[in-house]
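Below is one structure, written out as structure tokens; the observations come after it.
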Amino acid sequence: MLMVILILTTAISFQYPRKEKTREFPPKFFGKRLPELNNGRPLVSTGVSYAPDQILVKFKPSLPAQAVSATLSAYRTKKMKRIPRINVYQLKLPEDVTVEEMIYVMSQNPDIEYAEPNYKAYIATNDTFFKYQYALQNTGQRVAPPSIPGAPTGVQAADTRATKAWEETKGDEQVLIAVIDTGVDLNHPDIKNKIFSSGQDFVNDDSDATDDNGHGTWVAGIAAAEANNSEGIAGVAWNCRVLPVKTMDEEGTGFYSWIIEGIRWAVDNGADVINMSLGGDVPSQSLESAVQYAFQKDVIVVAAAGNDSDTVLYPGAYDVYCLAVAATDASDEVPGWSNAGPEVDVAAPGVWIVSLFPEYLTPSGFLPYIWGDGTSASTPHVAGLAALIKSIKPWLTVSEIMTVIRYSADDVNSAEYPGKDEFMGYGRINMEKALVPIKITTSSRQ
Amino acid sequence: MKTVRLILIPLLFLVLPTLCFAQSEKEGFVQTMTFKPGIGFEYFNREVNIFSKNEDGEWVEDEADSRLKSYFLTLSLEFGLQAGFTFTPIIGYSVSDYDSLIFRKLPFSIELDVGGINGYLIGAELKKSLISAQDFEIGAAGQIMYYAGRKQEWSVPGLNVEGSIQGRPYWLRGTIGPVIEYKGFDSVFPYLSVSYNRLWGKFTLEQEILDLTGEEEKKVTGKGAVVLSPGVIYELTGALTLKGEASVIPRKGGIDFGALVRVMLSL
């Protein structure tokens, strides 16, 4: 009988409030209503911006390729790329000519259908709190509204490059992320459309994995909250769905036996990725067998390193079968409480992370969202990335996906610890490098 | 169907000369063979369709097209097998450039925009006069050309470990069709050919990033099947002949071009 108690690896745990994290639970932010944020407008970029030295040009279809080349030379433009099918040329302008001047001149040429600036587009997420999700896009913004005191300001580009990655894929709805945790608020407006089923509850032994703590909903939201729905936050894996598995009780603790059953159940019920923002101090052969079972069934297991300034918790420490995730903050630095050890594979943002909170646990008049810290928040960022890779490349093995996540990470602490280290592993995940084609040019020739 | 065509066109080039020799012998012709070594330069720039294998192993067309630009320097030896019948083996060196191929099946997706890749060419031409009427001569001509690029290696930038990719391109081009030639001038012989032309290619890319490996192959087919080739053969001296030809390849949404210049020496 496994009686070892697991502890949720987050700072919002009731049992183990940390000195360095003095925010009360729930935070004061609950007083803010959605329409008051961003003046009630959807969070989309305003204002026009475009590349200052480029334009897009379409020539008349009847114009031969040689004539196109001659025309480009005549205007002293350099072809950067021709976009096939729609036959549009991306041109680099000479230094002494502005975009407006070149467009005016080209618009006089009868061989040119149109010329226009190379406008800058933005990922069209209109989630109201997206601007606080520095983990996905860090522009150097404040990571919480002014009503929440003590919130830091981020450092530009200290993020997971999620918006670039979403241009490549937003995930496949057939890909399931099992969230093994305290359950999920199945009717939360920002995730209810993403819930695959009511899941399984191994604490109360029924098939209703409703969250009675809040931690599981917070974690699930980071991985897969509904994106671009004019509400709340964007999950990492826009289109992937959540399989809730409740193995932790309302106090945020759970027996290994519940976890082991939860892993087995998730694997057998179609999970592609398992998120475990939890861990225990003690190794267990049964727990290792469970994550090994998932690995053998091609299910990616992502687990938290822990928040005790200590060694990596189990099952994260089962190195072959799990990706163990440490935390970074909005400046790409590892917080002191993030557990370390050779088993740490990668790091992901885990400080001041906003996500969902169960509606029925939210005090009246407050919004069902919460900010929190912990490797619990880092883990679903990585699980979401694993789900996106699985979506776009289902033929890769679990081992290959884990390796892609490791090798594509940014070694942001290389000045101090070059290469893989015990604090960040290979580095802070970079979703763009993991998903978007890497451009190889002549300069890469060996 | 594509495989059948791939086999048939080379076979055609092998069988036709044999048949012609057989006919010559049967008719009891006594033929003095002529030789014309030549050196030439050719260029083409064509839009191509790209195909990738899906999860079921079937080839499906990519959303994005590409272009294949190729420059080649050739050495040829034209054999005049009998009056109006020539066979020309060709060897050469080419720089071929597949514009921006994207490989998404590898563990790390790759966009390859590496410019021209050097490689070797081998091919043959066959030309046979069929009908002469006044100053015009109508014949048939065909060409097959095979390019095998050299294997190139590039490093994969941006990752936290060392990694590389190795790529190798190929293409095969076959052309066959009638040629009408005007023989009314003394030393200048303009001609026009309208030929059926196909271009097939492939590009294999291997990825090795420490223990992470993968391989992906792209198939390529040229757009446009008909080539209009106006050209001229100019006998500079009794021993020196210059051939110039332009190729126009109409396709859906545009026109592609090619050009050829060859200098031949009569022995």
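Compute the length gained on full extension between residue A:298 and residue A:74: take 0.36 nm times their separation in residues and subtract their Cα-Cα distance, giving the result in nm to one decimal.
That pair, residue A:298 and residue A:74, stretches by 75.0 nm at full extension.
Provide the FRET efficiency to the nearest 0.05 for the residue A:359-residue B:111 pair, computing r from the beta carbons and using R0 = 35 Å.
0.20
Peptides A:228-235, B:205-212: what's the order by average Cβ count within 10 Å, highest mean first?
Descending packing order for the listed peptides: A:228-235, B:205-212.
Could you please put A:369, A:360, B:93 in sequence from largest to smallest accessible area, using a 1.4 Å probe?
Largest to smallest exposure gives the sequence A:360, B:93, A:369.
By per-residue mean of other Cβ atoms within 10 Å, what is the highest-first order of A:267-279, A:106-118?
Packing order, densest peptide first, comes out as A:267-279, A:106-118.
Name the residues of region B:34-56 whose amide N is less than 13 Å from a point 7 angstrom out from the Cα of residue B:71 along the C-beta direction?
B:41-45
State to the nearest 20 debye the size of the charge dipole of the protein assembly as shown about its Cα centre, where the only charges are +1 on K and R beta carbons and -1 on D and E beta carbons.
That gives a dipole near 3080 debye.
For region A:205-306, what does the relative contact order come out to in percent, with C-alpha contacts under 8 Å and a separation of six or more?
21
With every protein chain present, what is the per residue accessible area of region A:50-119 (1.4 Å probe, Å²)?
Each residue of region A:50-119 exposes 56 Å² on average to a 1.4 Å probe.
Quick one: 3J(HN,Hα) in Hz for region B:151-161, Karplus 6.51/-1.76/1.60 with θ = phi - 60°, rounded, Gly and Pro as x.
Going residue by residue, I get 5, 10, 10, 10, 7, 9, x, x, 8, 8, 10 Hz, with x marking Gly and Pro.
At a probe radius of 1.4 Å, figure out the A/B buried accessible area, summed over both chains, and give it in Å² to the nearest 100.
3500
Using helices alone, I'd like the mean residue ellipticity at 222 nm for chain B: each DSSP H run of four-plus residues gives -39500 (n - 2.57), total over residue count, nearest 500.
Roughly -3500 deg cm²/dmol at 222 nm, from the helical runs in chain B.
Peptide B:159-169: average number of partner chain Cβ atoms within 10 Å per residue?
Neighbouring Cβ atoms belonging to other protein chains average 4 per residue here.
Could you work out the relative contact order of region A:50-119, using alpha carbon pairs under 8 angstrom and six or more residues apart, expressed as a whole percent?
With pairs under 8 Å counted, the relative contact order is 48 percent.
So, taking all protein chains as they sit and a 1.4 Å probe, how much accessible area belongs to residue A:250, in Å² rounded to tens?
100
Report Rg/Rh for region B:33-163, rounded to two decimals, where Rg is the Cα radius of gyration and Rh the Kirkwood radius.
We get a ratio of 1.14 for region B:33-163.
Could you work out, residue by residue across B:254-267, how many beta carbons of other chains sit within 10 Å of that residue's beta carbon, and then give the average as an integer?
Per residue, the number of nearby Cβ atoms from other chains is 2 on average.
Residue A:445: accessible area at probe 1.4 Å, nearest 10 Å²?
Roll a 1.4 Å probe over it and residue A:445 shows about 100 Å².
Using protein chains only (no ligands, no nucleic acids) and a 1.4 Å probe, work out which residues of region A:64-106 have their accessible area cut by at least 20 Å² relative to the chain alone.
A:64, A:65, A:66, A:79, A:81, A:82, A:84, A:85
Report relative contact order for chain A in percent, whole number only (criteria: Cα-Cα under 8 Å, sequence separation at least 6).
After rounding, I find 18 percent.
Report the label-to-label distance for residue B:134 and residue A:119 in nanometres (one decimal), using points 7 Å from each Cα along the Cα→Cβ vector.
6.2
Extending each Cα 7 Å along its Cβ direction at residue B:54 and residue A:397, get the distance between those two points in nm, one decimal.
2.6
Which distance in nm do the two modelled labels at residue A:319 and residue A:268 give, with both placed 7 Å along the Cα-to-Cβ direction?
Between residue A:319 and residue A:268, the label points sit 3.2 nm apart.
How well do other chains shield peptide B:107-120, expressed as the mean number of their Cβ atoms within 10 Å of each residue Cβ?
Mean inter-chain Cβ contacts per residue within 10 Å come to 5.
Could you work out [θ]222 nm for chain A from helices alone, using -39500 (n - 2.57) per DSSP H run of at least four and dividing by all its residues? Round to the nearest 500 deg cm²/dmol.
-6500 deg cm²/dmol
Any chance you could check the Cα centroid distance between region B:130-160 and region A:139-211 for me, in angstrom?
Here the two parts' Cα centres lie 54 Å apart.
What does the charge add up to near residue B:133, with Lys and Arg as +1, Asp and Glu as -1, over the other residues with Cβ less than 12 Å from its Cβ?
-2
Take the Cα radius of gyration of region A:50-119 and divide it by 2.2 N^0.38 Å, with N its residue count; two decimals is plenty.
0.98
Suppose every Lys and Arg Cβ carries +1 and every Asp and Glu Cβ carries -1, with no other charges. What dipole size does region A:50-119 come out with about its Cα centre, to the nearest 20 debye?
Here region A:50-119 has a charge dipole of around 460 debye.
Relative to a virtual label point 7 Å from the Cα of residue A:147 in the Cα→beta-carbon direction, which members of region A:336-371 show backbone nitrogen distances below 20 Å?
Zone members listed by number: A:352-371.
How much length is gained if the chain between residue A:139 and residue A:439 is pulled fully straight, taking 0.36 nm per residue apart and subtracting their Cα-Cα distance, in nm to one decimal?
105.6 nm
With a 1.4 Å probe and all protein chains left in place, how much of the accessible area of chain A comes from carbon and sulfur atoms, in whole percent?
Roughly 50 percent, rounded to a whole number.
Based on the mean of other Cβ atoms within 10 Å per residue, sort peptides B:131-143, A:432-444 so the most packed one is first.
Order by mean packing, descending: A:432-444, B:131-143.
Give me log10 I(q)/I(0) at q = 0.13, 0.14 Å⁻¹ for chain A, Debye formula, one equal scatterer per alpha-carbon, no solvent.
Each listed q maps to, in turn, -1.05, -1.18.
The values are calculated or read from the model by the stated rules, or taken from the named source; none is laboratory data. Worth saying up front: this structure is predicted, and the values here are computed from it rather than measured. All Cβ positions, even for glycine, are placed from backbone atoms using ideal geometry, and neighbour counts span all protein chains on display. Accessible surface is based on the protein model in full, side chains and every heavy atom, while ligands, DNA and RNA are left aside. Shrake-Rupley method; radii C 1.70, N 1.55, O 1.52, S 1.80 Å.
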